[in-house]
Structures are given as structure tokens and as C-alpha cells.
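Asks: Submitted below is the structure of interest, expressed as C-alpha cells.
The values are calculated or read from the model by the stated rules, or taken from the named source; none is laboratory data. Since the model is a prediction, treat every value here as computed from it, not as a measurement. Ideal geometry is used to build each Cβ from the backbone, glycine not excepted, and the neighbour counts take in all protein chains shown.
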Amino acid sequence: MDLYQKIDQKTQEIEEKKKLVRNLERATARLQDEIMMLNEKIEQTEDRLEHHGHELVYRRQRLKELSEVSNPQDEEQAVQKQVSAEEAQSFLRNIEKDIKQKILNLISRREILDNDPQELFFFEGQKFEIKPNTIIHTVKVKYISLLLPQEEDRGMKTVPKEATFRITRFTTLKDLRATACEYWNLAPDNCSLRLQNFTTVEKILDQPIDSYFMKNTVFPELWLTENDPRISKYTNKPEQYIDDPTVAIKEDNKSAEVSQIQKAKQEKEKALNILDNYRGLKYYLPPRIEGIEEVEEKRLHGRDTSCCTALFLVLLLALTIYIIGQRRDVTKEYWLQSGISRFAMQEDSNGQTFYDVSSKPEMTTWIVEIVGGTLFSSSTADQNYQKLMHRMQLVGQLAIRQVRTREMSCPRSDLDTRNYTCYHRTYSSSTRQEDTIAGGSETWRTFETASTNGIDSTWTGYLSSYDGSGYVQYYDQSEYTYEKFSEDYNYGVSTGWLSKSTRAIFISGNIYHPSSNYWIYFNAIYECSVDGLVYPSIIETVAFTPNIFTRSKGATTADIFRIIFSLYILYVYVMTILEIKDGKKNIQHALSFQGILDLLLIIFIIVTVGLTAKVDEDEKKIYQDTKYTDLRSTAEWYRFYHNLNACTLTLVLIRIIVFLQVNKRIFILMSTIKNASQNQIAFMVILISVLSSLAIIAQSIWGQNLFMFRSFPYSFLMILLLNVGHGDYKTMFDLDLAWSVIFFLVYFFGIVYFLFAAFMGIYTDSYKMVRLLEGYDDDQNTWKKKDLMLWFIDWIPSFAKRLIVELIFKESKKKVKEEEEEDDDEEID
């Protein structure tokens, strides 16, 4: 027991030490950030000292010049004149103030409130809502004059001088500073305007005052201070150096403040309860964003919007486009496929094409005349049938395969069916016929499984799904002419090749096109129902390359780099999940839109690179093989590989759009889509349920007569296509007028005009909410040169980044100084 207790104690000690290490790491990170902030403040202080030093030198020179020119008597006369001028100016200013006050009282219709401006703010820093008809026409400015050092030592406080200035819609903060400095006889360049919290407004001096206060809901009151190093003491501890009611701390009012805070908390709880009960009220409240600075910092300088992410995404896009372009030529594939299809769609002696065949004798005629005449040479046949072989080569043998189903007991044994034989409708391992076909000793009369004949592909048609098993006839192009092929195939038909149990015929082969270095797999399929009719299914032609590595070796290198770049996206994905958010790991990112997008992109890239192993056949071996080789699976993998590559390209483009959220307007649109997605998913449940019920109704009404309504999946797809006007409306109404009228009235009024229109309402509502939260000034956070430079070097370590920033800004300061000195020299000259 003692040993277990010691182990538990040691384990607890280790856990405590780990927690201590994590706390120390966090404290170290905070200290590093504080050091960077202090360095910036030191640089600002040095700039101010330098500016103040220049001003002192200028004043000394000016004073020296005046002392050299004037004498004591002139100085006394100048002082008397200055005193008399100041008295006259003060008298005129008082008269002007009285006139302005009377004018304001006459033209102002607003009710005068005695409330303290601080009472206009809600609890926890929420800003009050300014009504649209609010007009700001005056601004109060308080000038803080510095005390003498001995006065500061005695604990004296400076009393700010107050003045109210009239403004217009076009008055800027710079104009207000100049007017206030002129009022107190100060130099504008040596003064600064500050907000109520003593932060400077130097960066927004050119902004109109009225719009600034209206936009930021700041009370129109500013401080005016001189650019003196000692002013930092006054702004850091205003209650110690400034005698003003707005900054004084009264001990007697602490209990009152506590009660006000408690009251504010209670009011907040009441307000939240009201918002929960009346959810619509939140759409009419002023916007409020929690941690807006953190959100903006993450949006502008997060991992998803970093310079490395932008570079890797652009390279990933370029590599994907390069791979698609090097390994496939869709235009060439189209013309090759079209050439095969045109020969297959020729008319036989009965004037029928592939899709006109409806019986087994007609099918036999089409196979003999069109397939045989196209692939096998003859001196007597029509020359149109031989054009294909002048341009392409049949590789291996032509395979004509059929599948059969066994007999079964008819469902109604109690009825007299007059010796009618029933067969299984669908083909499977349990229903297929495997007996040898009687009538001869040819090899095609023996049933072959898929593993025996090497046909490993599976095909799904209208009536059933078929594997590679069955009875197969092989025809070698070097051994057969058109006449011999016609004689041999007709003999097989007459000796039992076709019967009532035949369910499908497959005519398959491989063609090589030397000019384009492409292979074409073709497969013409006829399905035979139990009622004896033949249904032409499809002429499947696929132009492809069995070995994609032979087309471009550079694409393989590009695949390797794509894997490397996908690992970086995986790093961003994992680090975002492990990021601490509100004291917890950001697990929700794994199920977010961006998290799922990153995960799909990584999976698609890895899968596409892995699929290249499926399209790596030995072309030379296939070309020299005299037997039939089933290349359908390879052709399908080829198409699937390129389809997946195209999807990967789409995901990369969407991921680049997510990165472009660094732009505020794109961020607004993406946020609108994200916020709307939750309501859209809930709405899709309703919409899919309604559409499914309508699909069942449509299948019941028209399923017997119209091809696109024969099964539920096709019927559901057709319901969606009806929305864009696709459908044989005349036939629908001819089949059942009453039910068609009822169906379309419900469909168009219930689905088109109501449910589909709800999508726009969801987007509009989401956009309104995003705009309320983010504001309407998209250019507010426009980057400057410094921000752009920090974005470019954001990927390097912090210490190296700090050194680069210091070097660049020192050089820029040197250039500014040199330019100023050159300007001064020019003025002196």
C-alpha cells in the first residue's frame, strides 16, 4: 500500500509540475508580448523627445534673435501693448460666447438633459444607441496645463481650462486642434487631442468630428495636452495630478458604485430574460461583438490567412491544374469517342440504328452488319463499314458475351398458363443459368465465371445488374473476315446462341488510336426482358490511357509536392483544433465548414495520388496480347481519377476563397453563408421530406408510362428538374389530366413559390445579422505598409521578425531625417 501511495504522490507531483511548466510558458509568452509593447512605447517616447528637442532649439534661436534686435524700453512698450491687446481679445471673446449661446438657445429644439454623460452607457462597456436625428454641433475641450516641479512635489493638482467650440459637418479633429490652440495661444504642432480615456487621436486627425462621434458613440468631450514627457504622468494617474470631476475618485461613493454595478447586473439579467422570451427583439438592438479585436487579429493574422497558407494554396492550385492538363486532353477524348459512336449509330439493311432494335432477329442483323462490317475487312462489303480500321486498330479479340437466367415456377400456379415457361427477371449468382448450351461442341457453349474469362467488371442496366460471367464468343481480327464473321455468328444463332432465357448481350473490345496515343474501350449492351423484347441500353465508349505515367513524368513530381503541401494544411487543421479557446481546445473546428473542407482536401489529394496505382497497366503487353483483355475497370478508374482531381481543384479554389476572408467584403459574404447554413440544413429536412412525398405521387401517376418516373430515384430527380422547366408536360396531361392539374398546382404554389423562395429569406436574414455585427464600413481595417510587411514575415520566428521590423523602421526613420535635413538646407539657401 505504501508503494502505491508513493506512486500516486509522485504522479500528482508530476502533474503539478506539468501545470506549473504550462503556466510558466504562458507567462513567458505574455511577458514577450508586453516587452514588444514596451519597445514600441519607448520608440514613440524617443520620437516625441526628438520632436520636443527640435522645438526647444527653434524657440531658443527665436528668443536669441528677438533679444538682439530689441532693447529694454522696447520690451516694456511691447509688454504693455500685449497686455492691452489681450484684454481687448478677452472682451471680444466673452461677447462672442454670449452671442453664440443666445443663438444656440434660439435654434436648438432639443430637450436639455441634466444627466451625467457616463449614465448614457450600459453595464460592461456596452455603448448607447445614438438616434438618427441626433446632431452634434459643439465640442467641449479641456486644456491640461502642466504644473511646476515644486508644485508637483507639494501634491498640487492642475485645474483644466474648459472651452466649448462650435463645429460643422466638415470640421475635422485637426481643425478643432488648431482652433483650440489658437484660443489658448499654443502651437498646434506641439499639442495633442485626447479622448476621455486620454488616448490620442493623431491617427484620425483628418476625420470629421461629427461622423467620428456618431460612429463611435463617444461623448463630445476632448482633452488638449502639450507634447511634453511629463504629460504621461498626468494621463496614467489623472486622479493624482488633475482636479476634475470626471477623473476624481471619491472614497465616499465606492459603496454607491458597488450598488450601481449590482443594479446594472440585475437589469442585464432581466434584459436577457426578455430577449429569450421575445427572440425577435435581438434584430432591433444595436450591434455588439465580443472580443472584436481578437476576432480581427485572427482574421488578418491567423494561420488560415498567413502568407505561407496563401503561397501553398496557390502552388497547390497550380500543381493540380498542371497535373490535369498533362494527364488528360478532354477535347481529344471527345472526338475519339464521337468517332466510335458515329460508326455504331449507322443504319443496317433494315434501316435501323442501335437504339431502333426491339427484337432478337433485328439485334442479330445489327451485330452482323454494323459490328462485323466496321471491325472486319471485306472486299465486297460497303466501304463505309471499313473506314474505322483505316485509322484505328482492334487490340486483341472482339468479345460477344451473353448471360442467361434459370427457369422458375410461375407465381400463380393455380391459373392455367398453357405451358408458359417463367424465368427469373434479374441476373445474379443465384438466378443465372450455368448449364452447357446444347447443339454443338464450340467453346462458347460452356459457361464461364468472371474469374475464368478475366472479365472482372460489373455493369448495371435498366433491368438488372450483371457481372463478368456468361457465355462468350471470341473473334480475332487477324483470323476473321466480314463474311466469315457473319457466317459464324449466324450459325451460332441458329444452333442455340439466343434463347428465351437470354437476359443481355455484351459486344466488347479495345481499340488503339496510334495518332493520338489513346485507347478506346467500347461496350454495346442489349438487355432482353422475360417478355421477349430487346431494349438497347447504351453504347459505352471511353477514351483513356491505361498507364498515365507514360504521358507526363513531371506530373509524378507534382504529386509529391501536392502531398507535401497537403501536410501543411493538415498541420493548420490540427493546430487549430489544439488551439485554446475560452479555456478549452477548439474541438468544434473539426465539424465546422472550414474544418471539413480542409479534411476533405487532404483526403482527396492522398486518394488521387493513390489512384495512380490503379491506372498503371503494361500497355506493350496489352497491345501484343492476342486474346481479349477487359479494360473496363481500368477505364473506369481512369475516369474516376480525373473526376476526383477535378473535385480536388474545386476544393482548392473554395479553400482559396476561405483564405480571401482577409478581405472584409469576402469575409462578410462567407460569414453570411456560414450563418445561413444552420437554418438551411433544418429547412432542407422539410424540403426533402416534401419532395420525396411528391416523387412518390409522381411515380404513382406517371411511372407506368414515362421513363423518368419508373423508379423512386429517377422520380425524385425529375421533381427537381421540373423546377427549371424540364419535363414532357403534354404527355403528362394526356395520361391523366385530373391528377396532373392537382399535382402541378400543389407543386408550383407549394414548392416553387413558397419553399424554394425561403432560401432567399434565410440568406437575407443572415446577411442582415452579419452586417449588424460587423458594421457597414468595410474599409475600416485597411492595411498599411507596416501591416502588409508583417503579413509577409509572419511565418518566421518572433525574434527574427522583431529584428527585421527594427531594421526596416530604423532605415525608414533615417531616410525621413535625411529628407528633413535636405529640406532645411534648401530653406536656408
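Asks: Mind listing just one residue for me: the one in region 657-676 that is more than 15 Å from E774 (Cα to Cα) and without any contact (Cβ under 8 Å) to a residue 40 or more places away in the chain and, of those, farthest from the chain's Cα centre (by Cα)?
Replies: Looking only at region 657-676, we keep the residues that are more than 15 Å from E774 (Cα to Cα), and these are 657-660, 676.
Okay, now just the ones that are also without any contact (Cβ under 8 Å) to a residue 40 or more places away in the chain, so 657, 660.
Working: I657: 5, L660: 8 Å.
It comes out as L660.
Asks: Can you pull out the residues in region 438-462 that are among the hydrophobic types (A, V, I, L, M, F, W, C), within 55 Å of the chain's Cα centre (by Cα) and assigned to a helix (DSSP H, G or I)?
Replies: A450
Asks: Condition first: modelled with pLDDT under 90 and in a loop (DSSP other than H, G, I, E, B). Now tell me which residues in region 469-494 satisfy that.
Replies: Matches in region 469-494: Q477, S478, E479, Y480, T481.
Asks: While we're here: So, in region 690-726, exactly how many residues are surrounded by fewer than 17 Cβ atoms within 10 Å (Cβ to Cβ) and part of a loop (DSSP other than H, G, I, E, B)?
Replies: 8
Asks: Another one. All but one of (1) of a type in the set (D, E, K, R); (2) closer than 20 Å to L649 by Cα; (3) surrounded by fewer than 12 Cβ atoms within 10 Å (Cβ to Cβ) hold for R562; state the number of the condition that does not hold.
Replies: In the conditions (1) of a type in the set (D, E, K, R); (2) closer than 20 Å to L649 by Cα; (3) surrounded by fewer than 12 Cβ atoms within 10 Å (Cβ to Cβ), R562 misses (3) alone.
Asks: Moving on to the next point. If you scan region 616-645, which residues turn out to be surrounded by fewer than 14 Cβ atoms within 10 Å (Cβ to Cβ) and either under 17 Å from the mean Cα position of the chain (by Cα) or assigned to a helix (DSSP H, G or I) (or both)?
Replies: K620, K621, Q624, N643
Asks: Got a sec? Which of A524, A558, A504, A590 is assigned to a helix (DSSP H, G or I) and either closer than 29 Å to Y334 by Cβ or not hydrophobic (A, V, I, L, M, F, W, C) (or both)? Show your work before the answer.
Replies: Values: A524 fails: assigned to a helix (DSSP H, G or I); A504 fails: assigned to a helix (DSSP H, G or I); A590 fails: either closer than 29 Å to Y334 by Cβ or not hydrophobic (A, V, I, L, M, F, W, C) (or both).
The conditions single out A558.
Asks: Restricting attention to region 390-427, which residues are surrounded by 12 or more Cβ atoms within 10 Å (Cβ to Cβ), under 16 Å from T502 (Cβ atoms) and of a type outside the set (A, V, I, L, M)?
Replies: Correct list: R401, Q402, R404, T405, R406, E407, C422, Y423, H424, R425, T426, Y427.
Asks: Next question. So in region 428-475, with the set limited to residues that are closer than 22 Å to Y628 by Cβ and charged (D, E, K, R), which one is surrounded by the fewest Cβ atoms within 10 Å (Cβ to Cβ)?
Replies: Filtering first and then ranking leaves D456.
Asks: Here's a follow-up. Consider G761 carefully, then state whether it is under 14 Å from A695 (Cβ atoms), among the small types (G, A, S) and either at pLDDT below 80 or surrounded by 12 or more Cβ atoms within 10 Å (Cβ to Cβ) (or both).
Replies: Numbers: under 14 Å from A695 (Cβ atoms): no; among the small types (G, A, S): yes; either at pLDDT below 80 or surrounded by 12 or more Cβ atoms within 10 Å (Cβ to Cβ) (or both): yes.
Judged against the criteria, G761 is not a match.
Asks: With (1) assigned to a helix (DSSP H, G or I); (2) loosely packed, with under 12 Cβ neighbours inside 10 Å; (3) modelled with pLDDT under 75 as the list, and L281 as the residue in question, which single condition is left unmet?
Replies: (2)
Asks: Counting only residues that are modelled with pLDDT of 70 or more, part of a loop (DSSP other than H, G, I, E, B) and closer than 18 Å to Q196 by Cβ, how many does region 226-278 have?
Replies: Final tally of qualifying residues: 6.
Asks: Quick check on my filter: what residues within region 764-777 are of a type outside the set (S, T, N, Q), in a helix (DSSP H, G or I) and either at positive phi or loosely packed, with under 14 Cβ neighbours inside 10 Å (or both)?
Replies: Of the residues in region 764-777, the ones of a type outside the set (S, T, N, Q) are 765, 767-777.
Checking which are in a helix (DSSP H, G or I) leaves us with 765, 767-774.
Passing the criteria: only K768.
Asks: Check region 579-587 and report whether any residue there is farther than 23 Å from P514 by Cβ and touching a residue at least 40 places away in the same chain (Cβ under 8 Å).
Replies: Step one: list which residues in region 579-587 are farther than 23 Å from P514 by Cβ, which gives 579-587.
Keeping just the survivors that are touching a residue at least 40 places away in the same chain (Cβ under 8 Å) gives none.
Checking region 579-587: not a single residue is farther than 23 Å from P514 by Cβ and touching a residue at least 40 places away in the same chain (Cβ under 8 Å).
Asks: Do you know which of the residues in region 486-517 that are farther than 30 Å from I548 by Cα and touching a strand residue (DSSP E or B) at 6+ places or on another chain (Cβ under 6 Å) is surrounded by the fewest Cβ atoms within 10 Å (Cβ to Cβ)? Lay out the reasoning, then the answer.
Replies: Taking region 486-517 first, the residues farther than 30 Å from I548 by Cα are 486-505.
Adding the requirement that they be touching a strand residue (DSSP E or B) at 6+ places or on another chain (Cβ under 6 Å) leaves 501-505.
Numbers: S501: 20, T502: 23, R503: 26, A504: 23, I505: 23.
Here the residue is S501.
Asks: Which residues, taken from region 527-552, are surrounded by fewer than 21 Cβ atoms within 10 Å (Cβ to Cβ), not charged (D, E, K, R) and not in a strand (DSSP E or B)?
Replies: S529, V530, G532, L533, F549, T550, S552, listed by residue number.
Asks: Among the residues of region 778-788 satisfying the criterion of being surrounded by 10 or more Cβ atoms within 10 Å (Cβ to Cβ) and charged (D, E, K, R), which is modelled with the lowest pLDDT?
Replies: Taking the candidates together, the pick is D778.
Asks: Just one of the numbered conditions (1) touching a helix residue (DSSP H, G or I) at 6+ places or on another chain (Cβ under 7 Å); (2) not in a loop (DSSP other than H, G, I, E, B) is not true of Q402; which one?
Replies: Of the numbered conditions (1) touching a helix residue (DSSP H, G or I) at 6+ places or on another chain (Cβ under 7 Å); (2) not in a loop (DSSP other than H, G, I, E, B), the odd one out for Q402 is (1).
Asks: Check region 207-217 and report whether any residue there is surrounded by fewer than 19 Cβ atoms within 10 Å (Cβ to Cβ), in contact with a strand residue (DSSP E or B) (Cβ under 8 Å, 6 or more places away or on another chain) and either modelled with pLDDT of 75 or more or of a type in the set (V, I, T) (or both).
Replies: Keep residues of region 207-217 that are surrounded by fewer than 19 Cβ atoms within 10 Å (Cβ to Cβ), which gives 207-208, 211-212, 214-217.
Next, from what is left, pick out any that are in contact with a strand residue (DSSP E or B) (Cβ under 8 Å, 6 or more places away or on another chain): 207-208.
Narrowing further to those that are either modelled with pLDDT of 75 or more or of a type in the set (V, I, T) (or both): 207-208.
Taking every residue of region 207-217 in turn, at least one turns out to be surrounded by fewer than 19 Cβ atoms within 10 Å (Cβ to Cβ), in contact with a strand residue (DSSP E or B) (Cβ under 8 Å, 6 or more places away or on another chain) and either modelled with pLDDT of 75 or more or of a type in the set (V, I, T) (or both).
Asks: Hey, could you check region 152-185 for residues that are buried (at least 16 other Cβ atoms within 10 Å of the Cβ) and assigned to a loop (DSSP other than H, G, I, E, B) and say which is nearest to the chain's Cα centre (by Cα)?
Replies: Top of the filtered list is T171.
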